[in-house]
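Shown next, in structure tokens, is the structure this report addresses.
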Amino acid sequence: MTRKSVPTLLVTILVVATVAPAGAGTAVADDDFVSVSVDAPDFPSPEQPFRIAATVTNAESSNTAYSVSRLELRDGEMRSSKLRESHQPGPTTVEPGETERRGFEATLNNTGERDLYVHVVLESRDGQQRRVVHPLTLRVNGEHPQLSLDTESAVSLDARTMTVTVSNGRDDAIRQLSVDVDGEDVSIEEDAKIRARLESGAETDFEFTGGVEEAGEYPVEVELSYTTADGESRRLTRLLRADFTPPAQPTDHPQLAVETESAVEGAWRSLNVTVSNGMESAVRQVSLEADSDDVTIRENRRVVPSLAGGSERTFSYRARSAESGTYPVNLTLTYTDGDGVERRITRTATADLTPPDNPGNVSLTGVNAEWQGDRLTVSGSAANLGGEAVESVVVSVADAQNVRKAQPQPEYFVGTVDSSDFVTFDVNAELSNNRTTVPLRVSYVVDDVTRTRTVEVDVGPAPSGDESNSGGSSIPLVPIGGLVALLIVAGVWWTRR
């Protein structure tokens, strides 16, 4: 091997592409069919971070998988040249036929045209390293307009407004402005906006709508394209931060209080939440949600347009639990304060769903049974022994063996019975096969829950047929027979005359 062949071999190993502007060329590792392309802004500003992205593609025909172990920005093609930036992207394996894109940030301090090189260090599974070098030509210009990003403050993760402000500090106007916004973790609607012209010393806003899955700060790439007064087309890229963290809660905010209506077990009851705005200013767009794993809450969201300072508002929900007890209820109050900032307050309250000490309770008292032939009339009083009124009280003859409901009144609608009060009733039944008890069913409604119980009333045996006829029909038989005999004798006497 001659001395002249050494540089040729070295170029083959390093795979140095021809010097070209950013993104204009591709460096290729010919032995393994790995190619690298680089994207970077054409006109970065001095002392302003800008992003360089490298795309690594492993050809379908390659038989080697590579991991991208390091990205470097150097002044020269050689690995011994001055290092300006270095970045380890983490485990990134590029299988044959796959493409991976990784980036890093760099900062240049001086203006002017700069010839730099992006080194992509690849490592195979057997530990062999390959270095792919891509040239990068940048024109560092300090006369760009300035870019800033402001994110609307809100407590929810709903889509919110992201405002990009372009400030033209140049001595001349710029035209054909185009702003593009992109973020890996931020979903953005209509990610490109345009303006016709921006005068020197003026600024303009571009509004975008963005959303994230989790609260936090996220990098957003903002690219401004424009044309100078001299007709030169320029492109400026900045990596800005979009703040999706919730605003800090103020020390002064509305207060929440909970009160639960007393009711029997299993009943729907009122869960009342009072919002007290003790602040001087009104709050707007007030929304209150109640939620619990142990309590069923019907229509759990309430909304009002505003709540004046120094006032309060009670929101009523319908709630119930499978079993009586005290259960946690999560309350979320969302509102917009006087400064236009959306706020959220979350509290866990205790809901008391235990029954009252003495609920409405109907019992049958003073029950009396009277036979009328083969029909039985049962009368008495439906007495409410509880501490609250009951409604829809009905007393009826229950279904049972050898019992039949009888007319004219097989059931009796008592209606409402106040606490410690009673209402009389009477019902009719027929018994057979010597049955001596009649079942009475009483049903009533307390706290919208229907309660039912059956009471067995002892009525004794029905009177026998002889007992029921004695003293009436048998006594007149003797005088009637004598009268008949007297009539026969009189007839004979009359015939013989």
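Observations on the model:
- Here Cα extents along the principal axes in Å was calculated from the structure, and among (1) 62, 53, 50; (2) 143, 63, 37; (3) 184, 64, 44 it sits at label (3).
- Carbon and sulfur %, accessible surface of the chain computed with the full protein complex present, 1.4 Å: 45 percent
- Each of Tyr327, Tyr226 has its accessible area taken with a 1.4 Å probe; listed largest first, they run Tyr327, Tyr226.
- Accessible area per residue (1.4 Å probe, heavy atoms of protein chains only) ranks Glu184, Glu60 as Glu184, Glu60, with the largest value leading.
- Accessible heavy-atom area order of Met162, Met279, highest first, probe of 1.4 Å: Met279, Met162
- In Hz, Karplus ³J(HN,Hα) per residue of the range 169-186 (6.51, -1.76, 1.60; θ = phi - 60°; x = Gly, Pro): x, 6, 7, 10, 6, 10, 9, 6, 6, 9, 10, 10, 10, 8, x, 5, 9, 10
- The 3J(HN,Hα) values that the Karplus relation (6.51, -1.76, 1.60; θ = phi - 60°) gives for the range 217-226 are, in residue order, 9, 10, x, 10, 8, 10, 10, 10, 10, 7 Hz. Gly and Pro appear as x.
- In Å², nearest 10: area of Tyr218 left accessible to a 1.4 Å probe: 40 Å²
- Debye, to nearest 20: dipole size of the range 42-175, +1 on Lys, Arg Cβ, -1 on Asp, Glu Cβ: 340 debye
- Under 5 Å from the amide H of Ala202 lie the amide H atoms of Asn168, each residue being 5 or more positions distant or on a separate chain, with H modelled from the backbone and absent for Pro and chain starts.
- Amide hydrogen neighbours beyond the local backbone of Val459, cut-off 5 Å, H modeled: Thr437, Val438
- Kirkwood Rh and Cα Rg combined as Rg over Rh, evaluated for the range 336-428: 1.43
- Residue among Thr151, Ala398, Asn361 farthest towards the positive dipole end of the chain, charges placed on Cβ: Ala398
- Only Cα pairs under 8 Å and 6+ residues apart enter the sum, and on that basis the relative contact order of the chain stands at 8 percent.
- In sequence order, calculated HN-Hα J values of the range 193-199 (Karplus, 6.51, -1.76, 1.60; Hz; x Gly/Pro): 10, 10, 9, 7, 7, 9, 6
- Cα-centred dipole magnitude for the range 295-441, charges only on beta-carbon of K, R (+1) and D, E (-1), debye, nearest 20: 520 debye
- Amide H contacts of Arg343: Tyr335, Thr336, Asp337, each under 5 Å away and 5 or more positions distant or on a separate chain (H built 1.01 Å from N in the peptide plane; Pro and chain starts excluded).
- Dipole magnitude for the range 88-132: about 60 debye, using +1 per Lys or Arg Cβ and -1 per Asp or Glu Cβ, origin at the Cα centre.
The values are calculated or read from the model by the stated rules, or taken from the named source; none is laboratory data. Quantities reported herein were computed from a predicted structural model and do not represent experimental measurements. Cβ atoms come from the backbone with ideal geometry, glycine included; neighbour counts cover every protein chain shown. Keep in mind that these areas ignore ligands, DNA and RNA; they rest on the heavy atoms of the full protein, side chains included. Shrake-Rupley method; radii C 1.70, N 1.55, O 1.52, S 1.80 Å.
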